[in-house]
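Below is one structure, written out as structure tokens; the observations come after it.
What follows is calculated from the coordinates using simple rules that are stated; it is not laboratory data. Here the structure is a predicted model, which is why all the values come from computation and not from measurement. In this analysis, Cβ positions are derived from the backbone assuming ideal geometry, glycine residues included, and neighbour counts consider all displayed protein chains.
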Amino acid sequence: MTEGITMTPVIEVAQARKDAEPVQRDIVFDIQKLTASYGKEPAISDVDLEIYRNVITAVIGPSGCGKSTFIRCLNRMNDLVPGAKIDGKILYQGDDLYASGVDPVEVRRRIGMVFQKANPFPKSIYDNVAWGPRVLGMRKDLDERVEKALRGAALWDEVKDRLKKNALSLSGGQQQRLCIARAIAVEPDVLLLDEPASALDPIATSAIEELMDELKRDYTLVIVTHNMQQAARVADMTAFFSLDVDEGRRTGVLVEYDETAKIFTNPSDKRTEDYVTGRFG
Amino acid sequence: MNRDRRRRIVNRTMEAVATVAAIVAIAVLAIVVISVAKRGAGAIGWDFFTKPQALFGQPGGGIANALVGTALLVVMACAMALPVGVLTAVYLTEFAPRRLAVPIQVVIDVLAGLPTIVIGIFVYALLVIGHTQSGIAGAFALAIIMLPLVARATQEVLLLVPSTLREASLALGVRRWRTVLGVILPSSVGGILTGTVLAVARAAGETAPLLFTSSIFANSVQTDVTKALPNIPVLIFTYSEQPDPALHEQAWAAALVLMAFVLVASLAAKALLARSRRKLVG
Amino acid sequence: MSAVPTSSPLQARRHRLRGRLGDLGLHGLTLAAALACLVLVGAIVWKILALSGDSFDRFGLGFVTGRAWDPVKHVFGALPFIYGTAVSSLVALVLATPLAIAIGLYLSELAPRGVRGIVGSLVELLAAIPSVVLGLWGILVLGPFLAHHVEPSLHSALGFIPLFGDPQQTGQGLFTAAVILTIMIVPIVASISRELFLGVPRELEEGALALGATRWEMVRGVILPATRSGVAAAVILGLGRAVGEAIAVTQVIGGGTRIGWSLFPPADTLASKIASNYQGAGSGLEISSLLYLAAILLVLGLIANLVAQVIVRRFDPLRGARS
């Protein structure tokens, strides 16, 4: 775990956050006995979790523990993977996301996602942000909407003079912020971030982290990260996933879920403690 | 809400359109195959394969002369196209400097895209005007069509050969030519074979290059390659232009034989390719 | 220096010499083969231009606009065949392009995993059917069907458009040729399109879907724009194929020098005019004129080919998106 900006011990980072504002408990996702499998093998099993409004929830754990699988269940992105199967329930504001008759397109429109690798469309910077609103019929005041999204993603000042330039001309960190702008331009309720900074340098990473703190006021954020420092810095709540090895089968399970400070300073599970103190993974 | 419903309907419609398009393509294939099989099967029998074409206006007869001729033409074309195609591919992947690789690549692509009738009339101008039609001229025209196919297929498989294999051999102090002939080409044999089978399938059914080079031929089995060789494609072509229903039936039967050969060869090549790819890439 | 230690220096040198000769030999041999390809294309161009010389001297560029093809009076012109080539190819392109793109999209985006390979192979098999077999089917099955069912209904429904004139009796004509050409180029364009669509990075597709776009919106907004140059090149390759196809067209187009609006009457293309004279031409001038037609065809084919190659190499919107 050498990534991150400072090498301050995780515990200190987390303790510094301990006195941060108290966590509101307004449930957005109520996840009950979630099991997701590709083919016959379950990738995660029996996950129970509540995710709260206007809070940053981090999902951490060793690689292969199903963090990405988990977050992709939340906006039905796994529907696109052939052979993927979901059991259990995910209630989003009380409604079952996987109930029959629920349109995954509508789900994804409300629950936005930012991916590990920045994936701007091969279009202009402006069109990248404007494409979603256009498709969804939010054509009114499109310019203002684009500006607002770019400001929201802390990118406006850097690109306002070259909105017509191809998005692929931006740097990696800028591309990732553009993807965040693209996601918030359609005004989702939730933003899922799947290791959004794993391919970025420390400066770009810190820009994204500051941005997340800003976004928290308007959105509910769930971030997958393999970087404990990052989770300790940005998250209010942290879920620790681990691998259960059983008869040669490796399945991701939720080990512990609590306020970030508690997870990093006083975990109640031995496996969490081993992981956050660096004795594992 | 209304807008979302419209979006969903548009999406469904487009998905349906794409699915129907694929069904149409398969239906056309099925219709062609079935109508050829249905009309051609009746005339197929022992005699059809063993007897040569009947004299004009007489009933019966088969396609023995055309079968022999087509086999000869394709074998000769192979003998011409295979070495040149494979060696060109070896040059492009192993030796060529960029300056030469680009124009040669362009030329091969151009050759692959030339209208076959143009190739036919070129060989006509080169070898037939002033002489006569001949099996050699026909085979040469077919070879020009096979050449880019063989070269491309070989090139593709040569590029698949892992560079570690190349380096391993060169690191042992083995000379480049030994590396190419002893290591690289042998590990690409499967791919080259696939390309050859596809090229043969293509050449066996080509008519345009033969019209001007090997189309005026005898009704008997002919093995003298300095004379025009009877062949299946031209036989189908000329029969199809005749009003006589008996000849149509023969044309259907010959078409069935040709199509069966081409389709089986294509499928075999595909299977072969999958196997040799697995061997190389793992 | 790195010679085998047990052999004497002389032997080592002989070894090295043989090795170098081998390298030179193989290099030279392969270079000769590659140059043979260059020479071949050069010879094709040169020979065809040289032999069309007589006709070019006689008619000049006016050949292209000449409407007569009269071996008796020794007057030859290419316009009717250029018209036939243009109309049959364009109609085929209009029919084939949407169909091929739709098939490409089905194969890359929609088809369930088990079906994908089978359907893809079947579409490719359609391209493997020899053109003479397709032409036989066209003249004896498709032509009569079009003449008796499709052409009359097109005429009665859309007859006010001059393209859909009086139906024909035999089914031999431009329209039948265009349909046959469509069948020939759809699998080519569809196969290339499928590869292009599959080449669009998965992350881009997910990026679009994660915004709440439908599959079609994702296709229209991301996949098609990202692949448009490749698809355009594929369509041009298909066009080149349609322009150059001789046999199947000769079988179904009927032959003639008419120029008019209706798609149904018989005509000839450049390629079919050449092919239908295979049993020999009357005079040296006629042969030269046929080669002039071939020269036009050659130029068209070269242009289509090179344009397609340039498009593919120069304009790739995804350049930079793939890493």
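For labels at C:Leu90 and B:Asp244 in the simple 7 Å Cα→Cβ model, what's the distance in nm?
Between C:Leu90 and B:Asp244, the simple spin-label model gives 4.2 nm.
Would you mind telling me which residue in C:Ala34, C:Ala208, C:Ala271 has the biggest mean-square fluctuation in a Gaussian network model of chain C, where springs connect alpha carbons within a distance under 10 angstrom?
In the Gaussian network model the winner is C:Ala34.
Using each residue's phi in segment A:33-44, evaluate 6.51 cos²θ - 1.76 cosθ + 1.60 at θ = phi - 60° and report the 3J(HN,Hα) Karplus result to the nearest Hz, with x for Gly and Pro.
Working through the residues one at a time gives 6, 7, 10, 10, 10, 9, x, 8, 7, x, 8, 9 Hz.
Just to be sure I follow the definition: excluding the sites themselves, where is the longest run in chain C that has none of the trypsin sites (Lys or Arg not before Pro) in a DSSP loop with at most 14 other Cβ atoms within 10 Å?
Answer from the scan: C:74-318.
Radius of gyration and Dmax for chain A's Cα atoms, expressed in Å?
Spelled out, the Cα radius of gyration and Dmax of chain A are 18.6, 59 Å.
Work out, step by step, the length gained on full extension between B:Ala71 and B:Val106: first 0.36 nm times the residue separation, then minus their alpha carbon distance; give nm to one decimal.
Stretched fully, the B:Ala71-B:Val106 segment lengthens by 9.5 nm.
Multiply the residue gap between B:Ala218 and B:Leu165 by 0.36 nm, knock off their C-alpha separation, and tell me the result in nm, one decimal place.
That pair, B:Ala218 and B:Leu165, stretches by 13.8 nm at full extension.
Mind checking which lysines have their C-alpha under 25 Å from B:Lys270, skipping anything on the same chain fewer than 8 residues away?
Result set, ordered by chain and number: B:Lys279.
Return the average number of partner chain Cβ atoms within 10 angstrom of each residue Cβ along peptide B:205-217.
5
Calculated FRET efficiency, A:Asp269 and A:Asp103, Cβ-Cβ r, R0 41 Å, to nearest 0.05?
With a Förster radius of 41 Å, E is 0.60.
Which residues in segment C:85-100 have a backbone N closer than 18 Å to a point placed 7 Å from the Cα of B:Ala27 along the Cα-to-Cβ line?
Residues passing the 18 Å test: C:95-100.
Against the longest alpha carbon principal axis of chain A, how many degrees, from 0 to 90 and to the nearest 10, is the axis of helix A:142-152 turned?
So the helix axis and the longest Cα principal axis differ by about 40 degrees.
What order do you get for C:Ser276, A:Ser169 when you list them from fewest to most C-beta neighbours inside 10 Å?
A:Ser169, C:Ser276
Sort out the exposed loop trypsin sites (Lys or Arg not before Pro) in chain A (DSSP loop, at most 11 other Cβ within 10 Å) and tell me the longest stretch that has none.
Result, exposed sites excluded: A:41-138.
Which lysines, if any, have their Cα less than 18 Å from the Cα of A:Lys89, not counting same-chain residues under 8 positions apart?
Counting by Cα, and skipping residues close in sequence, A:Lys89 has these lysines nearby: A:Lys33, A:Lys67.
Taking loop as defined by DSSP and a crowding limit of 15 other beta carbons within 10 Å, which chymotrypsin sites (Phe, Trp or Tyr not before Pro) in segment B:36-118 fit?
B:Phe56
If one computes the Cα centroid of segment B:144-210 and of segment B:84-129, what distance in Å separates the two points?
Here the two parts' Cα centres lie 16 Å apart.
Can you put A:Thr69, B:Thr179 in order of Cβ neighbours within 10 angstrom, beginning with the fewest?
In increasing order of surrounding Cβ atoms, one gets B:Thr179, A:Thr69.
What FRET efficiency would be calculated for the residue pair C:Ala232, A:Thr277, taking the C-beta separation as r and a Förster radius of 45 Å, to the nearest 0.05?
0.15
Give the relative contact order (percent, whole number) for segment A:10-276; include only Cα pairs under 8 Å separated by 6+ residues.
Dividing the mean separation by the residue count of segment A:10-276 yields 28 percent.
Hey, quick one: spin label on A:Met138, modelled 7 Å out along Cα-Cβ, who in segment A:183-208 has an amide N within reach, i.e. under 20 Å?
A:183-194
Please give the Cα centre distance for segment B:1-53 versus segment A:230-281, rounded to the nearest Å.
If we compute the Cα centre of each part, the gap is 56 Å.
Please build a GNM for chain C, connecting alpha carbons under 10 Å apart, and tell me which residue among C:Ser191, C:Ser153, C:Ser108 fluctuates the most.
It is C:Ser153.
Which whole-Hz ³J(HN,Hα) couplings does segment A:105-114 yield from phi under the Karplus relation 6.51 cos²θ - 1.76 cosθ + 1.60, θ = phi - 60°, glycine and proline marked x?
4, 5, 4, 5, 5, 8, 10, x, 9, 10
Restricting to the protein assembly as shown, compute how many DSSP beta bridges are antiparallel as a %, nearest 5.
Bridges in the protein assembly as shown that DSSP calls antiparallel: roughly 65 percent.
Percent relative contact order of segment B:46-281, based on C-alpha pairs within less than 8 angstrom and at least six residues apart?
28
Would you mind giving the mean number of other chain beta-carbons within 10 Å of the Cβ of each residue in B:145-155, as a whole number?
That works out to 1 on average.
Please identify, among A:Tyr52, A:Tyr92, A:Tyr38, the residue showing maximal mean-square fluctuation in a Gaussian network model of chain A using a 10 angstrom Cα cutoff.
Looking only at A:Tyr52, A:Tyr92, A:Tyr38, the largest GNM fluctuation is found for A:Tyr38.
Going by how many other beta carbons lie within 10 Å of each one, how would you line up B:Trp252, A:Trp131, fewest first?
Sorted ascending by nearby Cβ count, the order is A:Trp131, B:Trp252.
Taking beta carbons within 10 Å but only from partner chains, what does the mean come to for residues B:7-19?
6
Roughly speaking, what % of Cα-Cα pairs in chain B are separated by over 28 Å, rounded to a whole number?
51
Test of understanding: given chain C, find the longest segment containing no chymotrypsin sites (Phe, Trp or Tyr not before Pro) that are in a DSSP loop and have at most 14 other Cβ atoms within 10 Å.
Longest run free of exposed loop sites: C:1-159.
For the protein assembly as shown, what are Rg and Dmax over the alpha carbons, in angstrom?
Looking at the protein assembly as shown, its Cα Rg and Dmax stand at 33.5, 105 Å.
Which angle between 0 and 90 degrees, to the nearest 10, do you get for helix A:202-215 versus the longest principal axis of chain A when only C-alpha atoms count?
90
Using 0.36 nm per residue of separation minus the Cα-Cα distance, give me the extension gain between B:His131 and B:Arg275 in nm, one decimal.
47.3 nm
Under 5 Å between amide hydrogens, which residues at least 5 positions from A:Met113 or on another chain qualify, with H placed 1.01 Å from N in the peptide plane?
A:Leu192
Using the alpha-carbon centroid of each, what span in Å lies between segment B:215-247 and segment A:144-195?
That distance is 69 Å.
In nm, to one decimal, how far is the C:Arg20 label point from the C:Ala157 one, both placed 7 Å along Cα→Cβ?
7.7
Expressed as cubic angstrom per residue, what is the convex hull volume of the alpha carbon set of chain C?
Per residue, the Cα convex hull of chain C comes to 243 Å³.
Using a basic spin-label model with each label point 7 Å from the Cα along Cα→Cβ, how many nm lie between B:Arg3 and C:Val72?
The two pseudo-label positions are separated by 7.1 nm.
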